[in-house]
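See structure below.
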């Protein structure tokens with residue numbers, strides 16, 4: 001056991017870890033963050049958007065100065081059937097004015113910048129280090145083991161991502177279940193800034209977001225996304241790992257991506273672009289029922305590692321939870337260090353503060369959203385219904401056209417005016 | 001034993017390098033790494049110190065991220081570092097750089113100078129041998145083994161079809177190459193120590209050098225222009241069935257390219 005102990009060791013240089021390190025360093029604590037990748041950000045992936053409003057009180061200086069990409073002023077949802085699509089667009093003048101609600105973001109740039117801020121505050125950020133295990137002392141976590149080295153710490157914050165091994169090693173989490181996770185695949189396509197602005201009808205600095213749902217996931221839980229960055233587009237799909245495992249016939253995830261890109265609704269946006277990056281990542285989809293135990297003696301769990309991610313259907317959030325939980329963890333850690341008490345009893349304060357914050361409140365509110373969103377009919381029947389409906393409304397053929405109401409009702413009857421449809425509608429109250 | 005290591009921060013092997021529009025310089029993606037061969041030199045110096053005692057001092061010349069190589073050295077275990085970061089030192093050729101470094105080495109008594117056999121950015125292999133010349137010391141290049149005993153060094157370096165075993169009196173200059181050792185990964189505690197370390201600097205004046213003698217002004221070699229490598233012509237696919245395509249290929253070779 002190392003004689004000297006650091007105040008805090010943080011495992012993982014994602015947003016939760018960096019936020020915690022920043023706050024601890026700011027409070028004058030000796031903090032070391034260990035990151036497995038070449039630099040913080042090198043292994044981190046987001047679809048592409050961060051909602052900053054909930055974070056303004058947590059890390060105001062970081063949020064104000066961060067190198068985000070574009071502020072989002074235009075939201076689009078595209079419902080895809082096999083050969084047709086319906087697109088909805090929502091724009092709001094208020095979103096074009098500061099303070100902006102959400103920004104597109106590229107993590108390689110943002111996280112590296114954030115880690116420099118941590119170092120400016122006096123925190124140590126060391127990349128290329130994989131933490132292998134926890135150190136224990138009298139039944140409490142007392143540091144970490146990394147590459148044969150033992151690093152003692154009064155408190156350890158596990159921020160090692162969706163597949164957190166630290167939480168598992170500390171006995172805070174069950175082994176992983178495929179049903180709780182989704183696979184995200186993302187590509188970054190380079191396009192000229194001007195071209196992006198013209199193509200999406202944006203002013204300088206403005207961004208757009210496009211969600212896709214329907215035939216692209218071939219009946220499986222998931223969807224697609226597209227975000228405009230400064231001079232790139234982030235394009236990707238998310239699909240439930242459980243659904244992917246049980247899909248018959250089997251399909252490789254990259255095939256879904258290729259088919260998605262070939263769709264005219266997607267191809268129009270990326271035309272002429274150059275593929276710059278390809279990434280894949282695991283996302284926690286379990287909601288509040290999937291979160292780990294959040295603390296034990298000498299250790300706190302934050303961000304994805306704790307399962308803080310929420311799919312609310314139209315908005316998908318993880319980064320805000322990561323930053324907020326990192327900040328809250330640091331706050332509790334600072335208090336615990338000042339009191340010299342890192343017992344399990346004292347660290348229970350962490351969960352208390354999370355429950356009072358938007359992190360666990362939002363996750364509680366949307367406790368049942370997964371059940372609703374997992375309904376396979378959302379990815380098959382409803383897109384078909386919408387497509388058929390608009391097909392009837394827009395098409396003109398050689399035969400005389402029936403009344404619009406009559407046609408629409410016939411389509412609705414075929415797809416949604418039935419017992420299943422009633423049940424689905426009833427289930428929406430859970431959202 | 002006092003060992004001096006000359007080390008250089010170079011563009012990361014994966015960094016994108018391009019030529020500036022007017023051909024007067026290079027545009028290099030700001031990703032850096034320690035010169036691979038200097039890592040071997042550093043490792044060897046640390047192993048010699050572990051065996052014979054003494055201290056290891058790392059010296060570098062350069063601005064901005066150049067300091068990182070000194071921090072890497074300290075993280076690995078070097079005792080001291082020295083930085084030559086006055087802009088007057090910059091943009092020099094091998095000679096101007098070697099002159100400044102040799103003066104920096106001479107500020108304290110030393111027994112051994114180690115550096116990489118070349119930097120992986122410009123690959124000129126000049127500084128090590130020139131430092132030896134300027135210090136009037138023996139130089140053994142591209143070593144793969146080094147033993148010190150009784151004020152003498154025995155070094156091995158590969159030659160065509162075998163290896164040369166060279167014995168030289170100390171002090172002497174050695175340039176390291178692959179095969180000498182496997183560089184250690186610094187301890188986390190070492191990296192933390194290095195991040196906090198104050199890096200001492202030295203000015204041309206303190207080395208007894210005028211700005212005319214060093215950097216670009218003191219260089220004997222001037223780069224006129226950078227030119228891109230010749231672009232390979234695009235591959236031309238000949239469509240059609242194999243027989244027709246072969247006939248067309250022959251026609252192109254005979255009539256158009258006229259190589260047959």
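The values are calculated or read from the model by the stated rules, or taken from the named source; none is laboratory data. These numbers come from a predicted model, not from an experiment. Every residue, glycine as well, gets a Cβ built from its backbone with ideal geometry; the counts of neighbours run over all protein chains shown.
See the values below:
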read-out: Matching residues, the range A:124-141, being within 10 Å of chain B (Cβ to nearest Cβ) and out of contact with any helix residue (DSSP H, G or I) (no Cβ under 8 Å at 6 or more places or on another chain); value: A:127, A:128
read-out: Of the criteria (1) crowded, with 21+ Cβ neighbours inside 10 Å; (2) part of a loop (DSSP other than H, G, I, E, B), which one residue A:155 fails; value: (2)
read-out: Answer from A:279, A:309, A:302 - the residue that is buried (at least 19 other Cβ atoms within 10 Å of the Cβ), under 19 Å from residue A:224 (Cα atoms) and either out of contact with any helix residue (DSSP H, G or I) (no Cβ under 6 Å at 6 or more places or on another chain) or at pLDDT 90 or above (or both); value: A:309
read-out: Failed item in (1) outside any strand (DSSP E or B); (2) within 30 Å of residue B:26 (Cα to Cα), with residue B:49 passing the rest; value: (2)
read-out: Output for the range B:50-95, where each listed residue is crowded, with 22+ Cβ neighbours inside 10 Å, within 15 Å of the chain's Cα centre (by Cα) and closer than 20 Å to residue B:107 by Cα; value: B:58, B:59, B:60, B:61, B:70, B:73
read-out: Residues of the range B:52-87 satisfying the condition of being more than 23 Å from residue B:215 (Cα to Cα) and part of a loop (DSSP other than H, G, I, E, B); value: B:53, B:54, B:77, B:78, B:79
read-out: Residue within the range A:75-98 that is assigned to a loop (DSSP other than H, G, I, E, B) and within 14 Å of chain B (Cβ to nearest Cβ) present; value: no
read-out: Some residue of the range A:9-22 being buried (at least 21 other Cβ atoms within 10 Å of the Cβ), out of contact with any helix residue (DSSP H, G or I) (no Cβ under 7 Å at 6 or more places or on another chain) and farther than 29 Å from residue A:277 by Cα; value: yes
read-out: Matching option when the condition is farther than 30 Å from residue A:159 by Cβ and surrounded by 18 or more Cβ atoms within 10 Å (Cβ to Cβ), among A:31, A:79, A:72; value: A:79
read-out: Index of the failed condition, residue A:144 passing every other in (1) under 30 Å from residue A:183 (Cβ atoms); (2) more than 13 Å from chain B (Cβ to nearest Cβ); (3) at pLDDT 95 or above; value: (2)
read-out: Odd one out for residue A:109 among (1) surrounded by 14 or more Cβ atoms within 10 Å (Cβ to Cβ); (2) away from every other protein chain (no Cβ under 14 Å); (3) within 25 Å of the chain's Cα centre (by Cα); value: (2)
read-out: Complete set of residues in the range A:317-343 that are outside any helix (DSSP H, G or I) and surrounded by 20 or more Cβ atoms within 10 Å (Cβ to Cβ); value: A:317, A:318, A:342
read-out: Subset of the range A:112-123 [more than 9 Å from chain B (Cβ to nearest Cβ) and assigned to a helix (DSSP H, G or I)]; value: A:112, A:113, A:114, A:115, A:116, A:117, A:118, A:120
read-out: Among (1) assigned to a strand (DSSP E or B); (2) more than 14 Å from chain B (Cβ to nearest Cβ); (3) surrounded by fewer than 21 Cβ atoms within 10 Å (Cβ to Cβ), the one test that residue A:150 misses; value: (2)
read-out: Total residues in the range B:181-228, condition away from chain A (no Cβ under 14 Å), within 30 Å of residue A:145 (Cα to Cα) and surrounded by 13 or more Cβ atoms within 10 Å (Cβ to Cβ); value: 2
read-out: All positions within the range A:34-54 that are within 14 Å of another protein chain (Cβ to nearest Cβ) and surrounded by fewer than 21 Cβ atoms within 10 Å (Cβ to Cβ); value: A:36, A:37, A:38, A:39, A:42
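To keep it simple, each residue is scored yes or no on (1) surrounded by fewer than 18 Cβ atoms within 10 Å (Cβ to Cβ); (2) over 30 Å from residue A:149 (Cβ atoms); (3) within 14 Å of another protein chain (Cβ to nearest Cβ).
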| site | (1), (2), (3) |
| --- | --- |
| B:109 | yes, yes, no |
| B:130 | no, yes, no |
| B:138 | yes, yes, no |
| B:179 | yes, no, no |
